[in-house]
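The values are calculated or read from the model by the stated rules, or taken from the named source; none is laboratory data. Model, not experiment: these values are computed from the prediction. Glycine gets a Cβ as well: all are built from the backbone with ideal geometry, and neighbour counts include every protein chain shown. These area figures cover heavy atoms from the full protein model, side chains too; ligands, DNA and RNA do not enter into them. Shrake-Rupley method; radii C 1.70, N 1.55, O 1.52, S 1.80 Å.
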Amino acid sequence: MENLSNSDENYDLGYQLSPSSLDQSIPETPGYSTFSGGSFVYGRTYSGISAFSDPVDGHSCFSEASPFHWATTTRSAAQNQAVLSRIGTKQLENNADEKQLDYLESLELELETMKERFAKLLLGEDMSGSGKGVCTAVTISNAITNLYATVFGQNLRLEPLNPEKKALWKREMNCLLSVCDYIVEFTTKSQSLRNGTAIDVMESRQRSDIYVNLPALRKLDAMLIEILDSFEDREFWYAEEGNLSSNSSRTGSFRRVVKRNDEKWWVPVPCVPQSGLSEKARKHLRHKRDCANQIHKAAMAINSGVLAEMEIPDSYIESLPKSGRDSIGDLIYRFMHATEKFSPEYLLDCLNIASEHEALELADGVEASMYTWRRKACIKHSKSSWGMVKELMSDDERSDKNHVMAERAESLLLALKQRYPELSQTTLDTCKIQHNRDVGQATLESYSRVVECLAFNIVAWIEDVFFVDTTNT
């Protein structure tokens, strides 16, 4: 009877249970229960019409259950538990398979993207494959610049970066910067043999300029991302020009949208509460502004140093005028030549530069005149390097006109870049980047340039918030 009852029950379930399945306990997945909301929801009362119990005789009514019926009911409950456990485990496996499939699809998509970028690097952005593409250094420089525009081009607010864009930035930059791991230089290292003899052996290490500057740029990059993440909870919000912010349901009345007298009409305008920002928020903004300002100065110093180390293209030298006076004009030349104690700051104050275009035009002229006078000084001393000329010059030779004017032009150019830190690249800088063949220098220059740009933008966005807060108080 007992065997017959079990076979009937298994027949009703639609499959055969092994003899050991009733006693085998299925380990429960951590955080997952067989009867939890994530599993198959099954509720049933063990009544006489249940398929897990013996059939009820139609002529009997509520007869007393026999001990045999009790045992059958107990075994049926165990079978029910085993069935539901198997169903729940199967669903877990299906969910895991779906997650694994999604992960493999995203991984395959990422791999295809990396293949495409790797192919463009090898082809030098010349998709025809005819070998007319740019060199590897320029390709990497363009790739970093384009990546920055993709990730941060539409990010014009003080808010955390989109997680997808943040992951894209880290993943792509790690790939582009990985080439620097294989740019090495050989140095001598002293090594002792077993017999005590000391010998010098050659070992490779990362090139010194990359070893110093690349970790610093990575740190500055991470600090800027942290600054943006710190503005997740903020007291101010943004509105498009002439429109209120979409976050109009916040408590407190809106303040008037302040129109700034600048040409960047596409930048969202910050708004503050009616009572203004709290002192805590202002302190936080000041702290982040100071941090971003220091990051900007550090990135600008690295960028200037890398550009200074790049070779000056012959095409730029050939385009220089014969006289430095022709590059800067008579007014500036007389001021630089006539005064005994030259003050570049005073000269900039007298010029009254009104726009960025005027400042950039002045920077190009001053830089061209500086290299014109340097070239004349080098020809006079039969040396090709300006550094060698300065080392070999005596005190009397340092009073040479070409040397003095070159030094003054250099100080004027430095003061101009410090006064206008947002100044675009000069003609010489652009020419150096286009003709540069050093992959390490190209990577450092482009990376420092985009870090410098992001730091400057963060400072400007914070200044916009302070402008709105102080204007309406």
Revision key, fill the gap. Correct semi-axes for the stretch 120-235, from √(5λ) of the alpha-carbon gyration tensor and rounded to whole Å with the largest first, are 38, 25, 9
Review point. When you count, for each residue, the other Cβ atoms within 10 Å and take the mean per peptide, how do 301-311, 191-201, 350-360 rank with the highest first?
Key: 301-311, 350-360, 191-201
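Give me the percent of the accessible area of the stretch 174-226 that comes from carbon and sulfur atoms, probe 1.4 Å, all protein chains in place.
C and S atoms contribute 52 percent here.
Assuming R0 = 35 Å, what is the FRET efficiency of Gln425 and Asp233, from their Cβ-Cβ distance, to the nearest 0.05?
Between Gln425 and Asp233 the formula returns 0.40.
Could you work out how much longer the chain between Ser178 and Phe118 gets when fully extended? Use 0.36 nm per residue separation minus the Cα distance between them, nm to one decimal.
Stretched out fully, the Ser178 to Phe118 stretch lengthens by 20.4 nm.
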Check your understanding: What ranking do 433-444, 313-324 get when scored by the average of other Cβ atoms within 10 Å per residue, highest first?
Key -> 433-444, 313-324
